[in-house]
């Protein structure tokens, strides 16, 4: 078995050495894990879809700790993966350093901008999607208080919170929006107990709709919302199925499309570096509707959200982006 | 801040303090017997995983609890084997336990459930449900009705229906463990010998009592208590296991143990204090005291700061058991 593996490995290496035309794309799954029911899982789904549709293979590794970023990125590039897709804002400083060393390899970074000639930066307009989520929360709320649970306290998560707040205020200017961040270290992405406790604290302050943008911590938030009978909004992947009946919607971020497109464009030799913005117009972000939340979203809510969506796309409503000036208008 | 808010914060304090308290008492037994245990975190984590996994597979929270405690005791015995029988370094053995737990749980979970190192969400009988004490529901309804009538109630009744009633079984078990631990350690022959083993194992040995057996007993008790703590996290507070879900609570429990100067009742208050700090931090993102805004991060760091203050000897001295950390070698 081991011998077989070695032989296959050697064969693969020779094949890769033969020319970059044979290069497989590579995907580095970020901390939080492949099946986080959220961000990483969405990326994985995109890669799998590409694999099924094209019949081609791709390389994949999963980070286990913060310290492995550079090593993993370099190894992936050296094994001949092209393009190498990395997920998450935390990779930016590492990629900044690694990309110039492999000028013949293309990289794609999701959620952050890295200004290098061989890097494609895919960013989403999470503030717009969160704005729609905020509108739905405010429309569904009976208490006039809605809340937000973030994962690690970083500008990207503040961007979610800020968009959510603006959307809620657009519907009801007097609404109270409670914001909580789980922590300041990467452990904040994996603490469902604390997520649940934050949600309980918010409920006791009157919140009846909670929006979780917190990776694995969000599992605890959505669970507590279901236990306590309030509505919840999921994030990144469509999480509506997790607790049918209490999930109002999910702010879907099509990371899968970003990964699929990076793989496919390289395959078709039309990979472009530079910044790519996936927004409401291109369905890069959206609010999820399916059979699990159909009963919770009435026609009025839907039409108001659709109207706002059209206005944002047309530029009539401008949603403030927290990351543009590190502040949120109150 | 009205009374109800204070009660809600205290309610949250009790929930957050429970895993700390169980882990802290586990450390107390182990260290009182002279076996330093920094593997509390790892034992809680395996217990959290196996309790959630077995509960998910069988649908019974009790089987889950049994599996969690068994797993934790197994890890405790590994720690005992390395540090008591083979006289290895107790700190290194503890660290190894933490690493083993962190890696092993995710690996088994992935192989078992294929959900990326987590267990499926637990529902119904696979979770500990909240126990409503007699009369709590009626009082709660009464409270709601007074609000509906437009009268602002005092909220005193909430002390019963919110703070005292409505927790899961393990919370009451944890609190009951405090007097039990005190009694066992300070009022029984076993407890006297156990403490003696942590202070002067040579004397215990001279008296004809087995040091090794006592230390193993202490380590197993620690395993059981950590097992309860882990099961509470995964099947009481949360609904399933997530990678590294203990999130440093084992280390906070160690800090509480030092803060409590290795005494059961002090441990209760230390854990409640640490729980309170977290609950307040959860409730308020920043607190204004005399016009100065204190960020929540400060509240999160406060348990560690307090421990350092205690260790530095500013607020009384914390003197650990004298034979702690040393393997016992019988003279020949």
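For residue A:119, the test of being touching a residue at least 60 places away in the same chain (Cβ under 8 Å) and under 17 Å from residue A:31 (Cα atoms) is failed.
Okay, residues lined up against (1) more than 20 Å from the chain's Cα centre (by Cα); (2) within 12 Å of chain B (Cβ to nearest Cβ):
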| site | (1), (2) |
| --- | --- |
| A:169 | yes, no |
| A:178 | yes, yes |
| A:204 | yes, yes |
| A:211 | no, no |
| A:216 | no, yes |
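Can you say whether residue B:196 is part of a helix (DSSP H, G or I) and out of contact with any helix residue (DSSP H, G or I) (no Cβ under 6 Å at 6 or more places or on another chain), as far as the supplied structure shows? For residue B:196, the condition - part of a helix (DSSP H, G or I) and out of contact with any helix residue (DSSP H, G or I) (no Cβ under 6 Å at 6 or more places or on another chain) - is not met. Just one of the listed residues (A:220, A:216, A:229, A:245) is free of Cβ contacts under 8 Å to residues at least 24 places away in the same chain and over 15 Å from residue A:122 (Cα atoms), namely A:229.
Going by the conditions given, is residue A:134 within 15 Å of residue A:176 (Cβ to Cβ) and either at pLDDT 90 or above or in contact with a helix residue (DSSP H, G or I) (Cβ under 9 Å, 6 or more places away or on another chain) (or both)? Yes.
Which of the following residues is more than 13 Å from every other protein chain (Cβ to nearest Cβ), surrounded by fewer than 17 Cβ atoms within 10 Å (Cβ to Cβ), under 23 Å from the mean Cα position of the chain (by Cα) and touching a residue at least 24 places away in the same chain (Cβ under 8 Å): B:97, B:131, B:92, B:108? Among B:97, B:131, B:92, B:108, only B:131 is more than 13 Å from every other protein chain (Cβ to nearest Cβ), surrounded by fewer than 17 Cβ atoms within 10 Å (Cβ to Cβ), under 23 Å from the mean Cα position of the chain (by Cα) and touching a residue at least 24 places away in the same chain (Cβ under 8 Å). Number of residues in segment A:37-74 that are outside any loop (DSSP other than H, G, I, E, B) and free of Cβ contacts under 8 Å to residues at least 12 places away in the same chain: the value is 7.
When restricted to residues that are surrounded by 12 or more Cβ atoms within 10 Å (Cβ to Cβ) and either part of a loop (DSSP other than H, G, I, E, B) or more than 14 Å from chain A (Cβ to nearest Cβ) (or both), segment B:111-128 contains 12.
When you look at residue A:172, is it over 23 Å from residue A:295 (Cα atoms) and either crowded, with 24+ Cβ neighbours inside 10 Å or touching a helix residue (DSSP H, G or I) at 6+ places or on another chain (Cβ under 8 Å) (or both), yes or no? Judged against the criteria, residue A:172 is not a match. Taking the listed residues B:251, B:298, B:241, the one that is without any contact (Cβ under 8 Å) to a residue 12 or more places away in the chain, within 12 Å of another protein chain (Cβ to nearest Cβ) and touching a helix residue (DSSP H, G or I) at 6+ places or on another chain (Cβ under 9 Å) is B:298, with no other qualifying. Residue A:195: within 12 Å of another protein chain (Cβ to nearest Cβ), modelled with pLDDT of 90 or more and under 23 Å from residue A:320 (Cβ atoms), yes or no? Against the criterion (within 12 Å of another protein chain (Cβ to nearest Cβ), modelled with pLDDT of 90 or more and under 23 Å from residue A:320 (Cβ atoms)), residue A:195 does not qualify.
The values are calculated or read from the model by the stated rules, or taken from the named source; none is laboratory data. Just so you know, these numbers come straight off a predicted model, no measurement behind them. Please note: Cβ atoms are built from the backbone with ideal geometry, for glycine as well, and neighbour counts cover all protein chains shown.
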